[in-house]
Amino acid sequence: MPVAKNCLALCYRKNTKDMKNFIYLAFMSLIFSMTTSCKCDSHKGGVSGGWIVDRFDDVKILRYNVDGFDRLSLGDKLYLYYLSQAALSGRDVIYDQNCRYNLAVRRTLEAMYEANRDGHKTDKEADSTQWRAFEKYLKKVWFANGVHHHYSNDKFAPEFGEKYFDSLIMLTPSNMLPLDYGAQGELVRMVKRVIFDPAFLHSRLNQKAGVDMLLSSACNYYDGVTQHEAETFYAEMIDHNDPTPVSYGLNSRLVKENGRIFERTWKSGGLYGAAIDKIVYWLTKASEAGNSQQKAILNSLIAYYRSGDLRRFDQYNVLWVKDTVSRVDFVNGFIEDYGDPLGHKASWEAMVNIKDEEATRRTEIISEAAQWFEDNSPIDAKYKKEKVKGVSAKVITAAILGGDCYPATPIGINLPNADWIRKEYGSKSVTIQNITHAYDEAARGNGFNEEFILRPEDIKRKEQYGQLAGNLHTDLHECLGHGSGKMALGKKGGELKNYGSTIEEARADLFGLYYIADPKMMELGVVPSEDVYKTEYSSYVMNGMMTQFCRIRFGKDVEEAHMRNRKLIAEWCYERGQADNVIEKAVRDGKTYIVVNDFDKLRALFGELLREVQRIKSEGDFDAARHLIETYAVKIDPTLHREVLDRYARLNIEPYAGFINPVYKPVMESGEIVDILVEYPTDYIGQMLEYSKNYSFLPSKN
Ligand code: ZN
């Protein structure tokens, strides 16, 4: 389920499965597209405007509103409350999945923090600086669910010294430390190595060609297994004649012990069993509070968590995808495989949400016309679906974020991931509007538009229609783009390997870009003006060719699939349109600007590229995928990169954002819950420490 954001967004996607994704988040996206509508200075000055509750490093923490919660029936409120508890109960899992040392490191740092925070105020300025650096490091670990950056996957570099670490640990009582990891000496040595040795586990996810991606990645999905061994293991397991294949390897760690390779399954009584049992406990409560359809869905999910049987997971998904009417819905499970270099293993994530009935009308209109879009798409007729099925789309309000969706979160989701279920039963696609709204609000007046957009008319268009355009592009990407097209006979979808995610995201993005400018959109009444697609086109190519580089460290390549996809599309169109000056790189006073001069021709180029990208996917043309991506999507011009980073730094905008969750409080009367109230805390550190205290169910070593 990815999200595609126009600007930003990252829909998350699976490498090998057909159309999926999540849309991760959107940090920037928002920044880009949404950022601008009013000139109040709520962002620049720090934590202000009410939306930003904390800022550190390259991150800001926002709050989000859960509009509509108060209007839910008590039954729905209870259902939501129990699901929210289930969503928080798997938090430890994602830490351990991201790196085997994360839980021990987090707990050690938290113990040091709590033992020293009252006493750190010293008259020595150096100590105070070190303390702030220590606190910042811990905030980053919480944000990333581990010691690696959530987006770049690089290990964090501490800005405090080992000596300072030693001085804090000396003042930390042993009984506060996670000694279930090992004796204190061993624990401290390991934690220090993880934090201070830059070469040790330096990347969470390494997908560079030519290296063993498993041995060089710090993620914890494989233990002692080489890439070749894992590939062989799954190649032998996969039954290509099975019309309803399970998602092989989705819910397990693959380990090698005494020469034998086998899966340790994540289930009750298995790996992560203690956390899964808590999740099951709350899902059971939710089941008791739900209607008959909700009960059936949850009981099916519970049966899967208890057994670890992936057939049961599919059964659950079939029931889940059919429920398009519940006001309160959820995601809970091992869902997305972006964190596994081989794309088998899924990270644990959760989200509970409320349907936004009014905004959903927009996506329903688009979805109802799905077949028209498919029939009129610029792709080769032989790769069009004769019948587009079950595209359900809605706009939702996130009510709680958990696991891999917290604190950084997608702005859209499209599930389930299994291709055969999508084909037979359709998928649910959502746009998470209160999250995008929070981004927009937090970004208002941050100076981004004035710095990067050359023409006043483009700024004006973006201020008027940027938010709508971004939402519509996400709708099209999620509701229709991923679900469009079909494979050539005999092709399964895994042929593009490490280039598969980028090609899939490009396909969905191009579908959205092509159609947002179609007269059909005005006919359907969802696009009020041509300015909507124009602002999307301008923002998209500017982001793809330039502004998104602000999220990449100088000297590094573009790695992430959504970023690659955007660069690929923008650069390809720039080159193809050069003779007609369709997209212009303008330089004024030493600053580079990306300007769209011919919107019609740009749309034609999007259509042309969509046709080719669909062909590549349908035919599994690995060489063509590699050529496109390596030519247009990976390398950044260092001069432009430096310029973007400098201009961005002067704006003082954090390129990433995440969220603090609301808190749901039951109101009791005579032992019964008679209402649930929602509160909006603003203390990021407080929430993290509270979660670590109340929702931490796994041992430090798993
Ligand atoms: Zn996507």
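Observations, loosely collected:
- Failed item, numbered, when ARG566 is tested on (1) within 15 Å of the ligand (Cβ to nearest atom); (2) in a loop (DSSP other than H, G, I, E, B): (2)
- Unmet criterion (only one of (1) more than 22 Å from PHE448 (Cα to Cα); (2) free of Cβ contacts under 8 Å to residues at least 24 places away in the same chain; (3) not in a helix (DSSP H, G or I)) for LYS556: (2)
- Single match in TYR406, TYR383 (criterion: among the aromatic types (Phe, Trp, Tyr) and closer than 30 Å to HIS149 by Cα): TYR406
- Here ALA604 meets the list (1) modelled with pLDDT under 95; (2) open to solvent by 10 Å² or more (accessible area, probe 1.4 Å) almost entirely, failing just condition (1).
- Some residue of the range 582-590 being touching a residue at least 40 places away in the same chain (Cβ under 8 Å), touching a Ser or Thr at 6+ places or on another chain (Cβ under 9 Å) and under 24 Å from ASN446 (Cα atoms): yes
- The range 338-361: number of residues that are open to solvent by 40 Å² or more (accessible area, probe 1.4 Å) and either within 20 Å of ARG422 (Cβ to Cβ) or of a type outside the set (Asp, Glu) (or both): 2
- Among the conditions (1) more than 20 Å from SER367 (Cα to Cα); (2) out of contact with any Phe, Trp or Tyr (no Cβ under 9 Å at 6 or more places or on another chain), the only one that GLU504 does not satisfy is (1).
- Against the conditions (1) open to solvent by 10 Å² or more (accessible area, probe 1.4 Å); (2) of a type in the set (Val, Ile, Thr); (3) in a helix (DSSP H, G or I), ILE335 satisfies every one except (3).
- Strands (runs of 3 or more DSSP E) (entirely within the range 369-484) containing at least 2 residues that are in contact (Cβ under 8 Å) with a residue 40 or more places away in the chain and away from the ligand (no atom under 15 Å from the Cβ): 391-403
- Any hit, the range 178-193, residues being farther than 21 Å from LYS693 by Cα, touching a residue at least 24 places away in the same chain (Cβ under 8 Å) and either under 23 Å from the mean Cα position of the chain (by Cα) or open to solvent by 30 Å² or more (accessible area, probe 1.4 Å) (or both): yes
- LEU510 meets the conditions (1) of a type in the set (A, V, I, L, M); (2) under 18 Å from GLU608 (Cα atoms); (3) open to solvent by 30 Å² or more (accessible area, probe 1.4 Å) in every case but one. The failed one is (3).
- Residue in the range 655-676 that is open to solvent by 70 Å² or more (accessible area, probe 1.4 Å) and touching a strand residue (DSSP E or B) at 6+ places or on another chain (Cβ under 6 Å) present: yes
- Enumeration of residues in the range 126-163 that are surrounded by fewer than 21 Cβ atoms within 10 Å (Cβ to Cβ), in contact with a His (Cβ under 7 Å, 6 or more places away or on another chain) and not in a helix (DSSP H, G or I): ASP154, PHE156
- Close pairs from the range 271-296: first over 26 Å from SER347 (Cβ atoms), partner open to solvent by less than 70 Å² (accessible area, probe 1.4 Å) and polar (S, T, N, Q), Cβ under 7 Å, at least 6 apart: LYS295/SER287
- Yes/no for ASN434 being surrounded by fewer than 24 Cβ atoms within 10 Å (Cβ to Cβ) and within 18 Å of the chain's Cα centre (by Cα): yes
- Just one of the numbered conditions (1) within 25 Å of the chain's Cα centre (by Cα); (2) surrounded by fewer than 22 Cβ atoms within 10 Å (Cβ to Cβ); (3) modelled with pLDDT of 95 or more is not true of LYS208: (3).
- Scanning the range 507-542 for residues that are among the small types (Gly, Ala, Ser) and within 16 Å of the ligand (Cβ to nearest atom) turns up ALA508, GLY512.
- Qualifying residues in the range 282-313 (those that are assigned to a loop (DSSP other than H, G, I, E, B) and more than 19 Å from PRO245 (Cα to Cα)) - the one most open to solvent (accessible area, probe 1.4 Å): ASN291
The values are calculated or read from the model by the stated rules, or taken from the named source; none is laboratory data. Bear in mind that the values here come from a model prediction, so they are computed numbers and not experimental data. Methodologically, a virtual Cβ is constructed for each residue, glycine included, from the backbone with ideal geometry; neighbour enumeration extends over all protein chains shown. Heads up: the accessible areas ignore ligands, DNA and RNA and are worked out on the full protein's heavy atoms, side chains in. Shrake-Rupley method; radii C 1.70, N 1.55, O 1.52, S 1.80 Å.
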